Amino acid sequence: YAHGNQPIQHMVYLYNYANQPWKAQYWSRKIMDKLYSGTENGYPGDEDQGQTSSWYVLSAMGFYSVTPGTGEYVMGSPKFKKTTISLENGKKFIIQAPLNSSSNVYIKSANLNGKNFTRNFLTYKDLTEGGMLNLEMDETPNKNRGLLSQDKPFSLTKN
């Protein structure tokens, strides 16, 4: 894995398609922690049209656009305890992960607008309608969450 090679930056999120979403959570966080820092070496590779910084910004919020054009954002592990996205329509989409820490990188459970949320992706509609995504983070992976076919992101090959 060469993170500085932009065409493969989505690869860590592919675990969401392979019944191992906890590995996407682990590796997305590991890459952010190891490859992005406030030092002269803290930014990997070159910057082709903002791809590397876009990867970090989206990943730090806890999701990434693996398949642009589908309207889906595949989940990873957020870096922050709270992120507020202020939308052009005046609404806000808030991601809360109060137990988030350097060791609590796994999504134990989630709810979206007060309802149980098991999908491994958010939709553009989820984001633009505004609302609240609550993530219960833990240091142990939940290997039972997000494994049903409806929990997986878009793929031409669902099996």
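The values are calculated or read from the model by the stated rules, or taken from the named source; none is laboratory data. The structure presented is a predicted model; accordingly, all values stated were derived computationally and were not measured. No Cβ is skipped: glycine too gets one built from the backbone with ideal geometry, and neighbour counts run over all protein chains shown.
Here are some notes:
- Hits in the range 78-94 (condition: surrounded by fewer than 12 Cβ atoms within 10 Å (Cβ to Cβ), without any contact (Cβ under 8 Å) to a residue 24 or more places away in the chain and part of a loop (DSSP other than H, G, I, E, B)): 88, 90
- Enumeration of residues in the range 58-77 that are surrounded by 12 or more Cβ atoms within 10 Å (Cβ to Cβ), out of contact with any helix residue (DSSP H, G or I) (no Cβ under 6 Å at 6 or more places or on another chain) and not acidic (Asp, Glu): 58, 60, 61, 62, 63, 65, 67, 70, 73, 75
- Within this structure, residue 67 passes the test of being β-branched (Val, Ile, Thr), closer than 17 Å to residue 155 by Cα and in a loop (DSSP other than H, G, I, E, B).
- Residues within the range 140-159 that are surrounded by 12 or more Cβ atoms within 10 Å (Cβ to Cβ), touching a Phe, Trp or Tyr at 6+ places or on another chain (Cβ under 9 Å), of a type outside the set (Phe, Trp, Tyr) and part of a loop (DSSP other than H, G, I, E, B), tallied: 8
- Close pairs (8 angstrom Cβ cut-off, 6 or more residues apart or separate chains): under 13 Å from residue 27 (Cα atoms) and part of a helix (DSSP H, G or I) in the range 1-16, polar (S, T, N, Q) and at pLDDT 65 or above anywhere: 12/28; 13/28; 16/120
- For the range 115-150, the set of residues classified as among the aliphatic types (A, V, I, L, M) and farther than 19 Å from residue 59 by Cα consists of 147, 148, listed by residue number.
- Among residues of the range 138-159 that are closer than 10 Å to residue 108 by Cα, none has a Cβ under 6 angstrom from a residue that is modelled with pLDDT under 95 and surrounded by fewer than 13 Cβ atoms within 10 Å (Cβ to Cβ) at a sequence gap of 6+ or on a separate chain.
- Filtered residues of the range 137-153 (kept if within 15 Å of the chain's Cα centre (by Cα) and more than 26 Å from residue 82 (Cβ to Cβ)): 152
- Residue in the range 95-110 that is nearest to residue 155 (Cα to Cα), counting only those that are surrounded by 15 or more Cβ atoms within 10 Å (Cβ to Cβ) and without any contact (Cβ under 8 Å) to a residue 60 or more places away in the chain: 110
- Within the range 111-139, considering residues that are in a loop (DSSP other than H, G, I, E, B) and either touching an Asp or Glu at 6+ places or on another chain (Cβ under 7 Å) or not hydrophobic (A, V, I, L, M, F, W, C) (or both), the one surrounded by the fewest Cβ atoms within 10 Å (Cβ to Cβ): 114
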